[in-house]
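Enquirer: Next up is a structure, given as C-alpha cells.
Values in this text are rule-based calculations from the coordinates and carry no lab data. Predicted model, so just to flag it, every value in this text is computed and none were measured. Counting neighbours? That spans all protein chains shown, and the Cβs are built from the backbone with ideal geometry, glycine included.
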Amino acid sequence: MDGYLGIDVGSVSTNLVVLDENEEVVAKIYRRTQGKPIEAVQAGLTELEDLLTEPVNVLGVGATGSARHLTGVVVGADAVRNEITAHAMAARHAQPDVRTVLEIGGQDSKVIVLQDGIPIDFAMNTVCAAGTGSFLDHQSSRLGIPIEEFGGIAMTAERGSQIAGRCGVFAESDMIHKQQVGHPTNEIVYGLCQALVRNYLNNLAKGKDILAPIVFQGGVAANEGMKRAFEEALEQEVTIPEHFNVMGAIGSALLAKRIMSRTDNTTHFKGFHSADFEYKTSSFGCAACANSCEIIQIAQEDGSEKGDVLARWGGRCDKWDLAPTSITQA
Amino acid sequence: MAKPSERVITIPRMGTLQLMLEDMFARLDVKYIMPPPSTAKTLEVGVRHSPEFSCLPLKVTLGNFIEAIEAGADTCLMAGGCGPCRFGYYAQVQKEITKDLGYDVDWIVLEPPKKGFISFLRTFKKMAPHRSIRYIWRQVLISFEKARHYDSIEKRLLHNRAYELEVGASEKAYTEAIDILRPAVSKEEIAELAEVALKHMDESVAMDKTKDVLKVGIVGEFFMLLEPVVNFDIEKWLGERGVMVDRAVYTTDWIAPSLANQVGGLSKEEVSKYADKYLSHTVGGDGQQTIAHTVLYVEEGFDGIVHLMPFTCMPETIAKSILPKVSKDLDIPLLTLVVDEQTGKAGFITRLEAMLDMMWARRAAKAGHDDWIPAGAGTH
Ligand code: SF4
Ligand code: SF4
C-alpha cells in the first residue's frame, strides 16, 4: 500500500499518522515528548510501524510542530511546515466547510479562521499557560483527579462554579476557595473547563469572528466538558473530529502529499528505522559577537569523532543555522 | 562631568540614526562614541536596570547608553518628545537610572522643534559650543538630507531583496552603497553619490524581476520597526523568502514627520485621510499612523500587513484593537506581533511562516486554484 507519513512534535506531545492514498488514517500514535523530541520520534515510528497491518510504501513525509526542523532532519521529511498551516489543513480535511478551528494542546493553543477553504486569520498562544491544556493538567493534579476523568465528571455537573481569574495562579486560589466553601467537585471541574474556555475566547480569540461550522481539536478536545463549555459560551454547535488529537500530524502528511504530487522527486524518508541511528546532541558557544549564543547541534554517529552534523540551531543570527538543503529545494 | 568642549557624546541605536549622527558629529567636530550594535546582552542590561513595566524601546536604548558609557562616553544625547505617549519621559527616566547606577554623565535632551525652535537650536549649540548657531543649523540640514538618502537606500534593499538570485547579495550591495555615499560632504556630492549608490543597489545584484513575490507592509511602533534586535530582523527573514517588504517609517521620517520628502512616512494630512474612517484622532505614539499605513498598503495592492508592537505599548494597543475591523473591511491578511524581552524567536517565526502560507493560499485562490504552498517550497 502507498501512503504518507505525518509527524507533529511539540514540547508536550508527539503524534504520528500514516495516511493511505485516499487520505484516510490507517495508523496513528499519540505520545508524550517528555523533552526528548528525537527519542519520541524514534519510538513513535517504531510503534507506528507495528500498528500497520500491511507494509506501507511511504511516498512523502511531513513534519510540523515546534520541533519540526529537527524532526525533518532526523526522519528525512519532504515538507516541513508550521503547525498553524498543518492544523488548518487537517481541519478542512475533516470538515471541508469549516470556518473556525479551535485548537488546544498541551503546549499551546490556536484559533484559525477559514473562508472558502483557506485560512484568513489566526492567533496562537504560546506564552500564557492559562489558555492551554497545561492549565487543566495542573488543576487536575491539585484536585487529585486524573485528567482523563475530567470530561466525564464535568458532564455530570448541572452548572459550573464561577472560577475567577484571567490567570492560572488566580484561578487556582479561587478553585481552592470554592473547594473549601463546599462547592461540589463536579461543578468545580466544569467551572475549570469554563475558565479555560473564557480565557481562550477573551484572549486568543478576541476580535475574531467565531463562525460555524466550528471544529475543536487538539489533545484537550478529549475532554467532553470542554466541548460543552465551548458550546455554551459560543451558543453554537462544536464538532470534534474523529482524530482530534493527531490533527497536526494529519495536516503535515496532507501537505507532504501536495508537495510530492507536483514534483518527480522521490521521498527523503529514511525509513521507519531511522530509529536505529544514534544521534549525538552537543552544544558550543559562539564567540563571533557579543550575543554569545549557545549553538546546539545534532550529529549522526558515523564513526568519526564529531559525526555527520545534521542540524544546528540556537543562534540569534543564522551564522550557524543548518537546515537540510535537500528539503528546502523540494 | 565633562567640560563642554571635551564631551564624548553617545546616542541610542536605531535604524540609520547612527549613520546620520556620525555624519553630523563629524561636521560639527563633536567627539562621540557609538554604542556597540544591540545584542541580546544589550537587552539584558537594559531590562535589568529598567522599571519592569516600562516600554521595550526604553529598555533597549538604556542598554545602549550603559554599553556606550562603559566604552567611554560621558554625554548621552536622547530625543525628548511631547504628547500623551511615554516616549517623552524616556530621557528623564534613563537619566535617573544612570545616576542611580553611579555613572557621572551629562544628558542632552533634544526636544522636537515644535516645542520651541530656539531651544532646539540651543541644544545643538550645547554639543558644539565652538560653532556658530548659523553654521550648526546649515550642517544639520545637510546632514539630514544625506540621511534621507541613507534611508532611501535601505528602502531599496527591502524592495530588492525578494528578487535576488543569490541569498545575501542585496545586503552586500547595501553595505557597499552606504560606503559610496558616506564620504559625500557638499549638497551636490550628496545628490550625486546617492544616485550612484542607488544604481549600485539595482545593478550590482543579479535579480529575477519576473519572480512571483508577495508584498508585505510592516506597520507599528517606530522603534520596533527600526531596530533589528527587537524584531528578529524580520525584513531580512521575509526578504530571503521572496517577500518584498515595505516599512511604514524610516529613521528620518520619524525624526521629522512634518517635513516633505518622506521616505516611507506620511504627512499629517495623509494620516488623517487614510486613518480617519477608523481612527480620527491621534492616540499618541504611532497608533494613528499604523492604521493609515495599513489602509494605504491595501490601496497599493499589498498581500498582507505585519503589525509590530512592544508589549504594553498604549498607542499600538489601541491600533491593535481597531486593526481587525480594518483587516475585515478591506479583506487583507494581518498579523499583529507583540514583543517583549521574553519573546522567543521560534514562536515569532512560526507565526510569520503561517502568515506567508495564508497569503500564498489567498493568491492561489484568487487565481482559481487551491494551493497552500508557494511554488518551489518544501520548507521555510
Ligand atoms: S550565532 Fe550569530 S548572533 Fe549568536 S553569537 Fe554567533 S554571530 Fe553572534
Ligand atoms: S509608543 Fe508605545 S513603546 Fe513607544 S513610548 Fe509610547 S507606549 Fe512606549
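Enquirer: Please list, or write none, the aspartates and glutamates whose alpha carbon is within less than 15 Å of the alpha carbon of A:Lys28, excluding same-chain residues fewer than 8 places away.
Expert: Excluding near neighbours in sequence, the set is A:Asp8, A:Asp20, A:Glu47, A:Glu49, A:Asp50, A:Glu54, A:Glu242.
Enquirer: Give me the lysines in straight-line cross-link reach of B:Lys209: C-alpha distance below 24 Å, same-chain residues under 8 apart excluded.
Expert: B:Lys155, B:Lys172, B:Lys199, B:Lys236, B:Lys366
Enquirer: Through the Karplus equation 6.51 cos²θ - 1.76 cosθ + 1.60, θ set to phi - 60°, convert the phi angles of segment B:354-363 into ³J(HN,Hα) values in whole Hz; use x for Gly and Pro.
Expert: Going residue by residue, I get 5, 4, 4, 4, 4, 5, 5, 4, 5, 4 Hz, with x marking Gly and Pro.
Enquirer: Also, I was wondering about something else. Running a GNM on chain B with Cα contacts under 10 Å, which residue among B:Leu214, B:Leu330, B:Leu17 ends up with the highest mean-square fluctuation?
Expert: B:Leu330
Enquirer: What lysines does A:Lys178 reach when the alpha-carbon gap must be under 29 Å and sequence neighbours fewer than 8 apart in one chain are set aside?
Expert: Within the straight-line limit of under 29 Å, A:Lys178 reaches these lysines: A:Lys206, A:Lys227.
Enquirer: Whose amide H sits under 5 Å from the amide H of A:Ser11, counting only residues 5 or more places off or on another chain, with H placed in the peptide plane?
Expert: Under 5 Å from the amide H of A:Ser11 lie the amide H atoms of A:Ser66, each far enough along the sequence or on another chain.
Enquirer: Regarding chain A, what's the average projected area of the Cα-atom convex hull, expressed in nm²?
Expert: For chain A, averaging the hull's shadow over all directions gives 19.1 nm².
Enquirer: Taking amide H positions as placed in the peptide plane 1.01 Å from N, state which residues far from B:Trp107 in sequence (5 or more) or on other chains have amide H under 5 Å from it.
Expert: B:Cys76
Enquirer: So, one more: Taking Cα pairs under 8 Å and at least six residues apart, what relative contact order does chain B come out at, in percent?
Expert: 14 percent
Enquirer: Under the definition of partner shielding as Cβ atoms of other protein chains within 10 Å of a residue Cβ, what is the mean value for peptide A:112-125?
Expert: 5
Enquirer: Rounded, prolate or oblate: pick one for segment B:27-101, where a ≥ b ≥ c are the square roots of the eigenvalues of its C-alpha gyration tensor, a/c under 1.5 means rounded, and failing that, prolate if a/b is larger than b/c, else oblate.
Expert: Oblate.
Enquirer: Under the Karplus relation 6.51 cos²θ - 1.76 cosθ + 1.60, θ = phi - 60°, what is the ordered set of whole-Hz ³J(HN,Hα) values for segment A:88-99, x standing for Gly and Pro?
Expert: Values, residue by residue: 5, 4, 5, 5, 5, 5, 6, 9, x, 9, 4, 10 Hz.
Enquirer: For the protein assembly as shown, what does the helix formula give at 222 nm: sum of -39500 (n - 2.57) over DSSP H segments with n ≥ 4, over the residue count, nearest 500 deg cm²/dmol?
Expert: -13500 deg cm²/dmol
Enquirer: Neighbour counts of other C-beta atoms within 10 Å: give me B:Val60, B:Val109 arranged from fewest to most.
Expert: Placing the least packed residue first, the sequence is B:Val109, B:Val60.
Enquirer: Out of residues 5 or more away from B:Leu334 or on other chains, whose amide H comes under 5 Å of its own, with H placed 1.01 Å from N in the peptide plane?
Expert: Those qualifying (amide H under 5 Å, at least 5 residues apart or on another chain) are B:Ile305.
Enquirer: Still on this structure, I have one more. Could you tell me which of rounded, prolate or oblate describes segment B:284-350, using a ≥ b ≥ c as the square roots of the eigenvalues of the alpha-carbon gyration tensor, with rounded for a/c under 1.5 and, failing that, prolate when a/b is larger than b/c and oblate otherwise?
Expert: oblate
Enquirer: Enter the angle in degrees (range 0 to 90, nearest 10) between the Cα long axis of helix B:56-70 and the first principal axis of the Cα atoms of chain B, meaning the one along which they spread out most.
Expert: 40 degrees
Enquirer: Still on this structure, I have one more. In which sequence would A:Val26, A:Val215, B:Val271 go, from the one with the fewest C-beta neighbours within 10 Å to the one with the most?
Expert: A:Val26, B:Val271, A:Val215
Enquirer: In chain B, what percentage of the DSSP-assigned beta bridges are antiparallel, given to the nearest 5?
Expert: 5 percent
Enquirer: Moving to a separate point now. Quick one: if you stick a label point 7 Å off each Cα along the C-beta vector at A:Thr281 and A:Asn57, how many nm between them?
Expert: 3.6 nm
Enquirer: Turning to a different aspect of this structure: Between segment B:151-174 and segment A:1-80, what's the alpha-carbon centroid distance in Å?
Expert: 39 Å
Enquirer: For A:Arg81, B:Arg363, B:Arg138, what's the fewest-to-most ordering of other Cβ within 10 Å of each Cβ?
Expert: Listed from fewest to most nearby Cβ atoms, that is B:Arg138, B:Arg363, A:Arg81.
Enquirer: Separate question: What are the ³J(HN,Hα) values, in whole Hz, obtained from phi via the Karplus relation 6.51 cos²θ - 1.76 cosθ + 1.60 with θ = phi - 60°, for each residue of segment A:141-147 in sequence order, with x given for Gly and Pro?
Expert: Result, ordered by residue: 6, 4, 7, x, 10, x, 4 Hz.
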